[in-house]
Amino acid sequence: MARMGATKDVVVVSGFVGGNNRFLYVLSLCRGSEFALLGKHDLAIGTSLCIPFVDVDRNLVFLAARGESTVLPFELRAVSPHVLPLSSFSCPPVQYAVTLISKTVCNVMDVEIARFYKLCKDSVQRFSLSVPRLKKEYFQDDLFPMTIDLSSPVLSATDWSQGQEYKLRRVDLCPDGVKRFSEVEVVRTSSQHSRIQQEHLKYKSHEAQRDELFNAFAEQIQQNSGPLVQDTMEGCEEDEWSD
């Protein structure tokens, strides 16, 4: 189960339709036990079921199937299209099983957004997904929101069986002493605004130069607007034009 936006809870389902045609469905709970289809995506033909791993903090879904070596990531969106495919990731050899690890173990300074372990024929291998970012000296807080703390349980088995309410604990993934990228956005925006102002002033100066050139040309025309040379020349008498 995942959440799109602030209030809309959705259910992600992966399955087969009409033989070996695989699809990803995103369903919304309407009322009671009824579901409404928000979106679907064709996963192409295959013999293995794609197992979904949901990142509820970022509204991401990762699909992995037994006997394949490709992970298919998708973004769940509150507006249409509700299912947006992202760039697939291939990591040979083929896997027998895959599991998604908690984000608390990810290298956030290397912008590692997801870490997996997969069972291969004769080994257990680790692979991860990272987002390319230029300023890695800052904590990318747009990609790493507060996440669920899985270091300790919030309820005992007895309390849970008795139906006691609980509240999930969340943890901040920002390392100590590291500046958040959102804190430097204002500086970057201010620099861009200053650059735009300089371009605007440069553009205005070109306009001023054009106006000065036009005014100088018009003034010169006015100074030379006296009688023409041929107007001061003596013409022929009228009788000289007769045959």
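The values are calculated or read from the model by the stated rules, or taken from the named source; none is laboratory data. Bear in mind the structure is a predicted one, so any value in this text is a computation, not a measurement. All Cβ positions, glycine included, derive from the backbone under ideal geometry; neighbour counts span all protein chains shown. Each accessible area value is taken on the protein alone, full model and side chains, heavy atoms only, with ligands, DNA and RNA left out. Shrake-Rupley method; radii C 1.70, N 1.55, O 1.52, S 1.80 Å.
A 1.4 Å probe over all protein chains sorts ILE113, ILE101, ILE51, ILE45 by accessible area into ILE45, ILE51, ILE101, ILE113, starting with the largest.
For the range 1-138, the carbon plus sulfur part of the accessible surface works out to 55%, probe radius 1.4 Å.
In the range 39-140, which chymotrypsin sites (Phe, Trp or Tyr not before Pro) are in a loop and have at most 12 other Cβ atoms within 10 Å, using DSSP for the loop call? Filter output for the range 39-140: TYR96. Restricting the trypsin sites (Lys or Arg not before Pro) of the range 13-80 to loop positions (DSSP other than H, G, I, E, B) with no more than 13 neighbouring Cβ atoms within 10 Å leaves ARG31. Translational diffusion of the range 108-171, estimated by Stokes-Einstein from the Kirkwood radius over alpha carbon pairs at 25 °C in a medium of 0.890 mPa s, is 161 µm² per second. Restriction of the GluC sites (Glu not before Pro) in the range 102-180 to DSSP coil positions whose beta-carbon has at most 12 other beta-carbons within 10 angstrom yields GLU137, GLU165. The reciprocal of the average 1/r between distinct C-alpha atoms defines the Kirkwood hydrodynamic radius, which for the range 23-91 equals 13.0 Å. One equal scatterer on each Cα of the range 1-122, no solvent, Debye formula: the resulting log10 I(q)/I(0) at q = 0.19 Å⁻¹ is -1.10. When the alpha carbon coordinates of the range 52-123 are projected onto the principal axes, the ranges are 43, 27, 16 Å, largest first.
The string of couplings for the range 85-97 from the Karplus curve (6.51, -1.76, 1.60, θ = phi - 60°) is x, 10, 5, 6, 10, 10, 9, x, x, 5, 10, 9, 7 Hz, one whole number per residue in order, with x for Gly and Pro. Modelled label positions at LEU49 and THR70, each set 7 Å beyond Cα in the direction of Cβ, lie 2.1 nm from each other.
So if R0 is 35 Å, what FRET efficiency would LEU86 and GLN164 give, r being the distance between their Cβ atoms, rounded to the nearest 0.05? About 0.35, to the nearest 0.05. Here the simple spin-label model places points 7 Å from the Cα toward Cβ, and for SER28 and VAL184 these points are separated by 3.9 nm.
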